[in-house]
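Have a look at the structure below before the remarks.
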Amino acid sequence: MKRRTALQVITAGPTQLAVAQHHLISMAPAPESHKPQFFTPEQMGLLDQLTEMIIPADDHSPGAREAKAGLFIDSIVAYSGKDVQQQWSAALKLVEAEAQKRASRPFVKCSAAERDQIVAAMAAGEAEPKTELEQFFARLKLLTLDGYYTSAIGIHQELQYKGNAVLSEFPGCSHSDH
C-alpha cells in the first residue's frame, strides 16, 4: 500500500477506521521489530503506562503493554495529519503537567495511587468529555481497545478466538433447564 492511500483511508472518517486498521496492520512489520515512528521514547513510555492502566495484565491474559497497543497507537498517529499528531503530543504534555501538578514528578515516576488519581481525573468526564484531558482519555481508550483487540494477545488469549471451525454436529444447549 502506498503512503498516500493509507493517509486517504485514515482521514476518510470514523466509519473507515476498520479499513484503516486492516491496511495499517497488513503493512506493519512484526511487533517485535517495530520501532516507534512518531512518539519519542519518553512519550512511548508514558503511552505504554497509560494503555496498561486501561487494559492491565491479569491471570487470564497479558495487558495492553505486552500486546503492543502503544505501538499500534504510534502507527495510527504517525500516518495521521499534522493536526492529529499535534493533538497527541499536546495531550501527552497535558498528562505530564497534571502529574507535575498533583505529584511534582513525571507520570511514570508517580506511585500507583498517584497514577490512578490522574487517570481517574482524565476519565471523570468520559461520557461527555469537556476538558482537553477528558477528550484525550476518550481517544486514548478507543485506540487502546482497538490496538489490544486486534493483536494476537487480545484476539487469542483474551477472547480465546479459535478461528472458524467446521462442526460435524451442533451439540446444542447443555443447560439443565432445557
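Checked against the criterion of being of a type in the set (Gly, Ala, Ser) and at pLDDT below 95, the candidates SER151, SER104 yield just one match: SER151.
Taken together, GLN117, GLN157 contain a single residue that is at pLDDT 95 or above and in a helix (DSSP H, G or I), which is GLN117.
Checked against the criteria, LYS101 does not count as free of Cβ contacts under 8 Å to residues at least 24 places away in the same chain, in a loop (DSSP other than H, G, I, E, B) and more than 21 Å from PRO56 (Cα to Cα). Kindly indicate whether any position in region 135-152 is under 18 Å from the mean Cα position of the chain (by Cα), crowded, with 20+ Cβ neighbours inside 10 Å and outside any helix (DSSP H, G or I). So far as region 135-152 goes, yes, one or more of its residues are under 18 Å from the mean Cα position of the chain (by Cα), crowded, with 20+ Cβ neighbours inside 10 Å and outside any helix (DSSP H, G or I). ASP74 falls short of the stated requirement of being closer than 28 Å to GLN160 by Cα and either among the hydroxyl-bearing types (Ser, Thr, Tyr) or not in a helix (DSSP H, G or I) (or both). Against the list (1) of a type outside the set (S, T, N, Q); (2) modelled with pLDDT under 95; (3) surrounded by 18 or more Cβ atoms within 10 Å (Cβ to Cβ), the condition ILE73 fails is (2).
Quick check, is GLN21 of a type outside the set (Ser, Thr, Tyr) and modelled with pLDDT under 95? So that I can check it myself, show each step before the final result.
Details: of a type outside the set (Ser, Thr, Tyr): yes; modelled with pLDDT under 95: yes.
Here the answer is yes, as GLN21 does meet what is asked.
Within region 48-57, take every residue that is part of a helix (DSSP H, G or I) and touching a residue at least 60 places away in the same chain (Cβ under 8 Å) and give me the one that is nearest to ALA91 (Cα to Cα). Among them, the one singled out is LEU50. From the list GLU42, GLU32, the one residue that fits, being at pLDDT below 95 and part of a helix (DSSP H, G or I), is GLU32.
Tell me whether region 155-174 contains one or more residues that are touching a residue at least 12 places away in the same chain (Cβ under 8 Å) and closer than 18 Å to GLN49 by Cα. No, there is no match, as no residue in region 155-174 is touching a residue at least 12 places away in the same chain (Cβ under 8 Å) and closer than 18 Å to GLN49 by Cα.
The values are calculated or read from the model by the stated rules, or taken from the named source; none is laboratory data. Everything numeric here is computed off the predicted structure, so don't read it as measured data. No Cβ is skipped: glycine too gets one built from the backbone with ideal geometry, and neighbour counts run over all protein chains shown.
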